[in-house]
1. For the stretch 118-129, just list the computed ³J(HN,Hα) in residue order, Karplus coefficients 6.51, -1.76 and 1.60, θ = phi - 60°, integers in Hz, with x standing in for Gly and Pro.
2. Filter the chymotrypsin sites (Phe, Trp or Tyr not before Pro) in the stretch 77-165 down to the DSSP loop ones having no more than 12 other Cβ atoms within 10 Å, then list what survives.
3. Using mean Cβ contacts within 10 Å as the protection proxy, how do 35-42, 18-25, 161-168 order, highest first?
4. Taking a cut-off of 13 Å between Cα atoms, list the aspartates and glutamates near K94, but don't count ones fewer than 8 places away on the same chain.
5. What are the lysines whose alpha-carbon lies under 16 Å from the alpha-carbon of K84, with same-chain residues fewer than 8 places away excluded?
6. Which of D148, D137 comes first, and how do the rest follow, when ranked by fewest Cβ neighbours within 10 Å?
7. Apply the Karplus parameterisation 6.51 cos²θ - 1.76 cosθ + 1.60, with θ equal to phi minus 60°, to every residue of the stretch 154-171 and state each ³J(HN,Hα) to the nearest whole Hz, in sequence, with x for glycine and proline.
8. Decide, for the stretch 56-178, between rounded, prolate and oblate: order the square roots of the alpha carbon gyration tensor eigenvalues as a ≥ b ≥ c, take rounded if a/c falls under 1.5, and otherwise choose prolate if a/b is larger than b/c, else oblate.
Amino acid sequence: MRMNIKGMHGVPMRIATFYGTNTGYTEDVADEIKDTLGPLLVESCQNIEDLSVEDLQGYDVLLLGIATWDVGDLPDDWAMFFDKLDESDFTGTKVVMFGLGDQRGYPETFLDAMGLLYRKFLARGAVGGFGFWPTEDYDFVGSLAVYDDTFCGLAIDEDNEDHLTHGRIEKWCAQIKRELGVLHVCPPEEAPPRVREAASWGARSLGGRLGVQSPIGFRPSSVRRRLGAGRDSRGRSRPVTRSRRRGTSF
Ligand SMILES: Cc1cc2nc3c(=O)[nH]c(=O)nc-3n(C[C@H](O)[C@H](O)[C@H](O)COP(=O)(O)O)c2cc1C
């Protein structure tokens, strides 16, 4: 189903994830990123194997996942795709990168492929600068993915730091939502019951404005109160809990 995702100024926004993988780790990370951002936000999550360049066209935001292989090189799928990109035009498309590598085994070429793919899309007119990630928690010697002490995308090391992957993904997903200024406008008739209730209340109180239009994860305090947040019996403020949000966060 085509989702009604909008950007900061209410302009429709289409977001998709594409990844290449040799042994499956990048696919796992891509799936977790999609789940974390929310299934309503990311339109599709596909392996670039068997896709054509045209399949990547028409989106406003591309989340691109790539592991580094063969000492600073692309994984097989992206390698087959790479030269085909030379004929493509991605002018204005926002690219957001995530890369997998092994900082201990390959410290001099850590995440190189993420840098190679990022540069390729920029050369085809894409817009970068989203999802940059600090290098300070990693131990490596060199990387083509580093710009001014920052990785050009999320850096994942499943070989040595898989215990950090989940937290890194959560933090990064929150970061890119902010950076992209994504809004999800949910028409009342499609919303889960609790949102419908809040939406109709919001519509009434806001003079009949249609639907709920709010930045991801944010609701006006009045709507939060309606959903169960507010004050406890001692008058202390009570945040919306995770379980209360489930099914209504976009
Ligand atoms: C032969 C080989 C070469 C590799 N070369 C690099 C490298 O140059 N830089 C790097 O950061 N990681 C390198 N790696 C690590 C992989 O990127 C890492 O294992 C990654 O998680 C694999 O992801 P995938 O399962 O999606 O293909 C290499 C791994 C192997 C087995």
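Bear in mind these aren't lab numbers, they're just calculated from the coordinates by the rules spelled out. Quantities reported herein were computed from a predicted structural model and do not represent experimental measurements. Every residue, glycine among them, receives a Cβ derived from its backbone with ideal geometry; neighbour counts consider all protein chains shown.
1. Each residue's phi maps through the Karplus curve to give 4, 4, 4, 5, 4, 5, 8, x, 5, 9, x, x Hz.
2. Qualifying residues, ordered by number: none.
3. 18-25, 35-42, 161-168
4. D60, E179
5. K120
6. Taking fewest neighbouring Cβ atoms as first place, the list is D148, D137.
7. Computed from phi, the couplings for the stretch 154-171 are 5, 9, 10, 10, 6, 6, 10, 9, 5, 5, 9, 4, 4, x, 4, 5, 4, 5 Hz.
8. Oblate, because a/c is 1.5 or more while a/b does not exceed b/c.
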